[in-house]
Amino acid sequence: MNVYITEETIEGAEDGPLAGRTVAVKDNISTENVRTTCGSAMLEDYVPPYDATVVSRLKEAGATIVGKTNMDEFGMGTTTETSAFGPTENPVAEGRVPGGSSGGSAAAVAAGEADLALGSDTGGSIRCPAAFCGVVGIKPTYGLVSRYGLVAYANSLEQIGPIGNTVEDAAALLDVISGPDERDSTTRDEGADSNYAAAADGDVDGLTVGIPTELVEGADEGVLDVFWDAIDDLESQGATTREVSLESVEYAVQAYYVIAMSEASSNLARFDGVRYGHSGGYDGNWNEVFGRAREEGFGPEVKRRVLLGTYALSAGYHDKYYKKAQDARALVEQDFDEAFAETDVLASPTMPVPPMELGESLSDPLKMYLADANTVPVNLANLPAISVPAGETDRLPVGLQLVGPAFEEETIVRAASALE
Ligand code: GLN
């Protein structure tokens with residue numbers, strides 16, 4: 001199944017809220033003295049000298065870390081097939097992908113190899129694998145969880161978040177990892193008094209659930225059957241539903257990929273084989289050494305994105321691509337604000353399609369990017385979202401996504417728990 005890249009146990013404190021619980025950690029989150037590869041040959045031998053803040057918090061909370069999980073290279077993918085260490089198979093759907101990029105983390109939880117897991121979500125990488133593996137995943141509000149020690153893919157979009165078998169489990173892990181951190185100046189105080197696990201009380205009486213037309217109309221029929229059944233279920237428990245519109249999400253996938261690739265091209269420039277990353281041991285001038293280290297160290301998807309990102313940022317094209325994408329991002333944010341003026345949460349299928357067959361996506365990157373249509377708008381708007389299992393189509397898991405206003409993780413946890 002290929003869940004872990006490095007299987008090594010790290011014991012936490014003797015007691016604490018996670019004592020006796022095992023946690024798998026995505027391999028782009030730094031662990032002191034334990035290899036952290038980002039699923040890349042570039043970092044195959046990299047051993048961080050320090051822990052990410054979330055890892056320190058896991059240890060203090062008494063968790064036992066059981067391994068570093070497989071992922072798309074540097075988080076770039078939707079299927080965990082771009083990993084330099086080979087793909088992970090979906091433990092609940094034979095021959096299918098587990099989703100990505102945190103596929104190893106979701107698979108570890110779904111297969112019972114760990115009680116809980118950490119993933120990171122730049123454009124859906126927690127919610128997609130949670131949906132495809134039939135488990136729960138939360139992408140926190142931007143600024144709720146420290147990114148110190150997370151190897152950056154696209155800083156302005158990503159957050160570390162929890163994966164668990166139940167909403168309460170995932171929420172309890174969020175309680176441990178969230179909160180301000182002096183080492184990450186983008187963390188905020190909001191949400192500090194929250195108790196996410198306690199919010200998993202299933203009480204949706206009086207809740208207004210908005211259903212954005214644009215996030216529903218393109219989904220597969222089998223996915224939609226499951227989705228509408230879940231909406232009926234919420235209504236029967238006292239929630240009110242209404243249709244809403246997020247007009248600008250038609251630009252979201254394009255804007256997301258321009259921003260993500262641009263930030264990635266700049267972040268990944270540090271892997272030059274001299275200071276950081278794989279070095280072929282070559283002699284020569286800097287350009288030759290740099291070029292060969294990167295030729296060998298990066299896989300095809302990473303190279304594609306570095307090239308496109310560099311192009312989008314280059315003089316003369318910056319306004320045409322990067323700035324335009326930022327403008328679209330602002331419009332998406334505005335649409336969500338307007339939708340939340342009349343609703344408490346927004347519901348959609350997490351993924352418009354069920355888990356793809358292994359091997360199907362690598363040859364068609366555009367199709368893979370389009371599968372992120374429902375998850376990337378949430379990152380563009382910095383909002384919190386949860387994916388909760390809603391049922392199956394042809395024995396393949398379907399996840400339902402609930403999005404909330406900024407720092408209202410308690411509301412999405414409450415609504416998701418009503419569906420369990
Ligand atoms: N599939 C998206 C991408 O490839 C999201 C990945 C992520 O969230 N890390 O960029």
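Values in this text are rule-based calculations from the coordinates and carry no lab data. The shown structure was predicted, so the numbers you read here are calculated from the model rather than taken from an experiment. Cβ sites come from the backbone with ideal geometry, for glycine too, and all protein chains shown count toward neighbours.
Between Gly309, Gly161, Gly222, find the one with the highest GNM mean-square fluctuation for the chain; connect C-alpha pairs within less than 10 Å.
Gly222
How would you order 21-34, 54-67 from highest to lowest mean count of nearby Cβ atoms within 10 Å?
On the way: 21-34: 24.5, 54-67: 22.8.
Sorting 21-34, 54-67 by mean packing, highest first, produces 21-34, 54-67.
If you average 1/r over every pair of different alpha-carbon atoms in the stretch 11-159 and take one over that average, what Kirkwood value in Å do you get?
Details: mean 1/r = 0.0672 Å⁻¹.
Value: 14.9 Å, from the Cα pair sum.
What distance in nm separates the two pseudo spin-label positions at Thr241 and Ala192, each 7 Å out from Cα along the beta-carbon direction?
It works out to 3.9 nm between the two label points.
Only Lys, Arg, Asp and Glu count, each charged at its Cβ (+1, +1, -1, -1), so figure out the dipole size of the stretch 321-364 about its Cα centre, rounded to 20 debye.
On the way: 3 positive and 10 negative charges, 55 e Å.
So the dipole magnitude of the stretch 321-364 works out to roughly 260 debye.
Please report, in debye to the nearest 20, how large the charge dipole of the stretch 287-344 is about its Cα centre when each Lys and Arg carries +1 at its beta carbon and each Asp and Glu carries -1 there. Mind dumping the intermediate values first?
Working: 9 positive and 12 negative charges, 133 e Å.
Here the stretch 287-344 has a charge dipole of around 640 debye.
Let a ≥ b ≥ c be the square roots of the eigenvalues of the Cα gyration tensor of the stretch 261-324; is it rounded (a/c under 1.5), or, if not, prolate (a/b larger than b/c) or oblate?
Details: a/c = 2.82, a/b = 2.22, b/c = 1.27.
It comes out prolate by the Cα gyration axes.
If I model a spin label as a point 7 Å beyond the Cα along the Cα-Cβ vector, how far apart are those points for Glu295 and Leu362 in nm?
A separation of 2.1 nm, rounded to one decimal place.
Among 153-159, 5-11, 196-202, how do they line up from the highest to the lowest mean number of other beta-carbon atoms within 10 Å? Intermediate values should be presented prior to the final figure.
Values: 153-159: 22.1, 5-11: 15.1, 196-202: 19.0.
By packing density, highest mean first, the sequence is 153-159, 196-202, 5-11.
Taking a ≥ b ≥ c as the square roots of the eigenvalues of the Cα gyration tensor of the stretch 206-266, is the shape rounded (a/c under 1.5), prolate (a/b larger than b/c) or oblate?
Details: a/c = 2.83, a/b = 2.26, b/c = 1.25.
Prolate, since a/c reaches 1.5 and a/b exceeds b/c.
Can you classify the stretch 100-253 as rounded, prolate or oblate using the Cα gyration tensor, where a ≥ b ≥ c are the square roots of its eigenvalues, rounded means a/c under 1.5, and otherwise it's prolate if a/b beats b/c and oblate if not?
Details: a/c = 1.44, a/b = 1.40, b/c = 1.03.
The shape class here is rounded.
Just to confirm my numbers, what's the Cα centroid distance between the stretch 216-275 and the stretch 278-343 in Å?
19
Rounded to the nearest Å, what's the spacing between the alpha carbon centres of the stretch 157-210 and the stretch 29-71? Just the number, please.
22
How far, in nm, would the chain grow between Glu7 and Thr208 when pulled straight, counting 0.36 nm per residue and subtracting the alpha carbon separation?
Values: separation 201, 0.36 × 201 = 72.36 nm, distance 4.39 nm.
Extra length from Glu7 to Thr208 when fully extended: 68.0 nm.
With +1 on the Cβ of every Lys and Arg and -1 on the Cβ of every Asp and Glu, and nothing else charged, how large is the dipole of the stretch 238-318 about its Cα centre, in debye rounded to the nearest 20? Write out the running numbers ahead of the final one.
Values: 8 positive and 10 negative charges, 27 e Å.
So the magnitude is around 120 debye.
Compute the relative contact order of the chain as a whole-number percentage, counting only Cα pairs closer than 8 Å that sit 6 or more residues apart in sequence. Each step should come with its number before you reach the end.
Values: 1114 pairs, mean separation 79.8, N = 420.
Rounded, it is 19 percent for the chain.
Between Asp201 and Asp229, what's the calculated FRET efficiency when r is the beta-carbon distance and R0 is 22 Å? Round to 0.05. Show your work: numbers first, answer last.
Numbers: r = 22 Å, r/R0 = 1.01.
The calculated FRET efficiency here is 0.50.
Name the residue, out of Glu81, Glu221, Glu333, whose mean-square fluctuation peaks in a Gaussian network model built on the chain with Cα pairs under 10 Å.
Glu221
Taking the dipole about the Cα centre of the stretch 248-406, with the C-beta of Lys and Arg at +1 and of Asp and Glu at -1, give me whichever of Ala315, Phe340, Thr393 is farthest to the positive side.
Value computed over the given set: Ala315.
Per residue, how big is the convex hull around the C-alpha atoms of the stretch 72-150? Give it to me in cubic angstrom, could you? Each step should come with its number before you reach the end.
Numbers: hull volume 7.1 nm³, N = 79.
Each residue corresponds to 90 Å³ of Cα convex hull volume.
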